[in-house]
Amino acid sequence: MTLTQVAAHAELSHSFLSQVERGLERMSMTSLFRVAQALGTTQQALLTDDATETRTPGAVHVFRASEATALDAGGSPARVLARDHPRFVPMVMSGTFSEDLWWVHDEEEFVYVLEGRLIVVFEDEEFALEAGDAVYYHGGIRHRWRTEAGETTRVLSVKEGSAAAH
């Protein structure tokens with residue numbers, strides 16, 4: 001697909017995607033989700049694909065605090081801590097979250113609150129998680145996250161990697 005075709009399918013502007021590609025803009029999780037759907041893949045596959053490296057059994061990857069990603073989680077930074085289609089995808093996300101969008105994905109997910117408070121909402125229940133609390137849920141479960149007005153949080157999210165990677 002061309003960049004113009006991906007932009008049209010993802011309902012994003014061609015110029016925005018071009019700027020993301022060149023490292024001039026950051027993409028939200030929602031936009032990343034739309035791009036992944038347009039390309040017939042997952043967010044995890046897009047976040048961890050590193051064409052310059054090949055997967056070597058027993059390989060070690062070190063991630064430095066200075067490394068940046070082209071991702072922005074709802075206006076707040078997100079760092080992906082794995083590359084080359086890993087078995088699991090750890091991400092640290094900081095900032096505020098609004099519950100304006102429900103998420104459903106095939107991957108199982110583990111979320112650990114590093115700082116602040118995060119409210120995880122499922123269909124008929126919600127859990128307020130404080131620093132040190134965690135939640136784990138299977139794929140296919142509708143969920144969303146939120147923070148209270150004026151509050152920020154920092155979480156570690158670990159999802160299964162793309163099924164195509166295994």
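The values are calculated or read from the model by the stated rules, or taken from the named source; none is laboratory data. From a predicted model like this one, the values you see are computed outputs, not experimental measurements. Neighbour counts are summed over all protein chains in view; Cβ atoms, including those assigned to glycine, are modelled from backbone coordinates with ideal geometry.
Below is a table of values for the structure above.
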item	result
Any hit, segment 76-97, residues being surrounded by fewer than 16 Cβ atoms within 10 Å (Cβ to Cβ), more than 19 Å from residue 30 (Cβ to Cβ), modelled with pLDDT of 90 or more and not assigned by TED's automatic domain parsing to the domain that holds residue 31	no
Scope segment 107-123; condition surrounded by 13 or more Cβ atoms within 10 Å (Cβ to Cβ), within 23 Å of residue 33 (Cβ to Cβ) and charged (D, E, K, R); matching residues	107, 108, 109
Contacts under 7 angstrom Cβ, first residue in segment 94-107 being farther than 21 Å from residue 77 by Cβ, partner surrounded by 18 or more Cβ atoms within 10 Å (Cβ to Cβ), 6 or more apart	107/44; 107/159; 107/160
Residue in segment 67-74 that is in a strand (DSSP E or B) and modelled with pLDDT of 75 or more present	no
Residue within segment 21-42 that is touching a Lys or Arg at 6+ places or on another chain (Cβ under 8 Å) and modelled with pLDDT under 80 present	no
Complete set of residues in segment 129-166 that are among the acidic types (Asp, Glu) and either in contact with a helix residue (DSSP H, G or I) (Cβ under 9 Å, 6 or more places away or on another chain) or at pLDDT 95 or above (or both)	130, 133, 160
Test: residue in segment 124-143 that is in the same structural domain as residue 154 (by TED's automatic domain parsing), of a type in the set (Lys, Arg) and loosely packed, with under 13 Cβ neighbours inside 10 Å	yes
